[in-house]
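The values are calculated or read from the model by the stated rules, or taken from the named source; none is laboratory data. Nothing here was measured: the structure is a model prediction, and the numbers come from that model. All Cβ positions, glycine included, derive from the backbone under ideal geometry; neighbour counts span all protein chains shown. The area values use the complete protein model at the heavy-atom level, side chains included, leaving out ligands, DNA and RNA. Shrake-Rupley method; radii C 1.70, N 1.55, O 1.52, S 1.80 Å.
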Amino acid sequence: MASLAAWAGAFAMGISLLAVPATAADLTIALGSVGKDVEEMRGQLDAFQKASGHTVRIVTMPASTTDQFGQYRLWLSAGNKDVDVYRTDVIWAPQLASGLMDLTDAMKDVVGQHLPAVIQSQTVDGKLVAMPLFGDAPALYYRKDLLEKYGRQPPKTWKELGETAKAVLDGERAAGNTQLTGFVFQGAAYEGLTCDALEWIASNGGGQIVSPEGDITVNNPKAVAALDQAKSWVGTIAPQGVLGYMEEESRGVWQTGNAVFMRNWPYAYPLSEAADSPVKGKFDAVPLPAGEGGSSAACLGGWNLAVSQYSQHQEAAIELVKFLTSAESQKQRALGTARLPTIPALYDDPEIKEKQPLVAKWKTVFENATPRPSAPTKAKYNEVSQQFWTAVNKTLAGQGDAASNLQDLERQLRRLKRNAW
Ligand code: GLC
């Protein structure tokens, strides 16, 4: 943290050159709790407090982005003054925009450092509603030791993943390891499943649920085939319980050494490498597999910071957002928790390259990631996603097959869209 302290010092000087806050503000930031995000944020907030004289309290939100969204939407529509800064998911900008401040002016000197596509995703009708904190793009984690033992390479296709998982499981179970499962992912009925299923479908050439032009494309044979395949994993290479897994439940199984493969975001890498982790030194991560004849698709994720319209400390809140989204804070976050920078220059940072190899390797995966259809479906995205993840979760659970569930989904989405999104 030495370098963050130095940065905080420089930041303090920057503030004092601009304007010393007349009174110190007591700020509140709302953020979700996955991995070490809250702990890491506390460290950076302490540095900010020292540098600025403001204090910052964390309101910890549930781990599920879906639950966070519901709460944020309630608070913002009620004009809640108690939260100054919200940590927001990349997909929520169009839906929360009306309750958030326009940061265009305040950030004009720093936006140019970030990937234009990320800034674009947080710009709604010309208003910059949030600044990027970190990006996200998932990986396929695999057990090097087990694949080596069975003479297998990391899979390039989902079919290969199924075959490899089965071969390892058959061998290990015969040897008495009954705890082991083949593949864990996010199968619960929430936003995370939208990400996973979008990856299965897009990597099989089945599109992005709703096209960038706003057409409903999800009911097609390649999407059906991708979901049929995912259904075939449940109860064979994946545990039945995967239907209730979010990120942390998947990591729980994986990190105790009980899964051959895991689909998860980069935050899981340093946690799996921690000194007390049973899988330390036994795994690696590669881009997600593709469908037969398709190419790998990673769902574009990430988190941002927005200032509430109803904050009574907007200037101080903006200072906080500037501090936490700066290059130095993003660097420390990448070093501590492998959260992907949105400032491209950081991917060449020698310290990040040395200490967080996955981050350094992940630049192109992140830059080429597949967005969810939140831009074309605008304020209706949450409902679109909810209907999609419900259809997928039902399919995985064996309630109706992929073909009929996607047909129903198409009908529901048409009703939701009516003439336009
Ligand atoms: C990760 C991503 C976020 C996504 C969520 C789904 O947190 O960064 O964009 O919505 O996972 O669970």
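Pairs only if they're at least six apart or on different chains, beta carbon under 9 angstrom, first in segment 60-89 and farther than 18 Å from Tyr381 by Cα, second within 16 Å of the ligand (Cβ to nearest atom) and among the basic types (Lys, Arg); list them, first residue then second.
Short answer, once both residue conditions are applied: Met61/Arg87.
So which residues in segment 374-399 are touching a Leu at 6+ places or on another chain (Cβ under 7 Å) and outside any loop (DSSP other than H, G, I, E, B)?
Within segment 374-399, Lys380, Glu383, Val384, Gln387, Phe388, Trp389, Ala391, Val392, Asn393, Thr395, Leu396 qualify.
Taking segment 128-157 only, how many residues are open to solvent by less than 10 Å² (accessible area, probe 1.4 Å), of a type outside the set (A, V, I, L, M) and away from the ligand (no atom under 16 Å from the Cβ)?
The total comes to 1.
If you go through segment 220-246 one residue at a time, how many are open to solvent by 30 Å² or more (accessible area, probe 1.4 Å) and either in contact with a Lys or Arg (Cβ under 9 Å, 6 or more places away or on another chain) or within 16 Å of the ligand (Cβ to nearest atom) (or both)?
6
Check off (1) in contact with a strand residue (DSSP E or B) (Cβ under 9 Å, 6 or more places away or on another chain); (2) open to solvent by less than 50 Å² (accessible area, probe 1.4 Å); (3) of a type outside the set (Phe, Trp, Tyr); (4) assigned by TED's automatic domain parsing to the domain that holds Leu169 for Glu249 and give me the number that stays unchecked.
It is condition (2) that Glu249 fails.
Every residue in segment 114-137 that is of a type outside the set (Asp, Glu) and in contact with a Pro (Cβ under 8 Å, 6 or more places away or on another chain), please.
Hits for segment 114-137 are His114, Leu115, Val118, Ile119, Ser121, Gln122, Val124, Phe134, Gly135, Ala137.
Restricting to segment 299-312, what's the tally of residues that are open to solvent by 10 Å² or more (accessible area, probe 1.4 Å) and within 11 Å of the ligand (Cβ to nearest atom)?
2
Considering only residues that are among the aliphatic types (A, V, I, L, M) and within 18 Å of Trp265 (Cα to Cα), look in segment 321-342 and name the one that is surrounded by the fewest Cβ atoms within 10 Å (Cβ to Cβ).
Among those that are among the aliphatic types (A, V, I, L, M) and within 18 Å of Trp265 (Cα to Cα), it is Leu335.
How many residues, within segment 381-396, are within 24 Å of Pro239 (Cβ to Cβ) and free of Cβ contacts under 8 Å to residues at least 40 places away in the same chain?
Qualifying residue count, segment 381-396: 2.
With the requirement that a residue be closer than 26 Å to Phe48 by Cβ and open to solvent by 30 Å² or more (accessible area, probe 1.4 Å), what does segment 351-363 give you?
Glu351, Lys355
When residues of segment 173-195 are filtered for being open to solvent by less than 20 Å² (accessible area, probe 1.4 Å) and more than 16 Å from the ligand (Cβ to nearest atom), how many remain?
4
Just give me the residues in segment 273-295 being modelled with pLDDT of 95 or more and either open to solvent by 60 Å² or more (accessible area, probe 1.4 Å) or within 16 Å of the ligand (Cβ to nearest atom) (or both), in sequence order.
Those that are modelled with pLDDT of 95 or more and either open to solvent by 60 Å² or more (accessible area, probe 1.4 Å) or within 16 Å of the ligand (Cβ to nearest atom) (or both): Glu273, Ala275, Asp276, Pro278, Lys280, Lys282, Ala285, Pro287, Leu288, Ser295.
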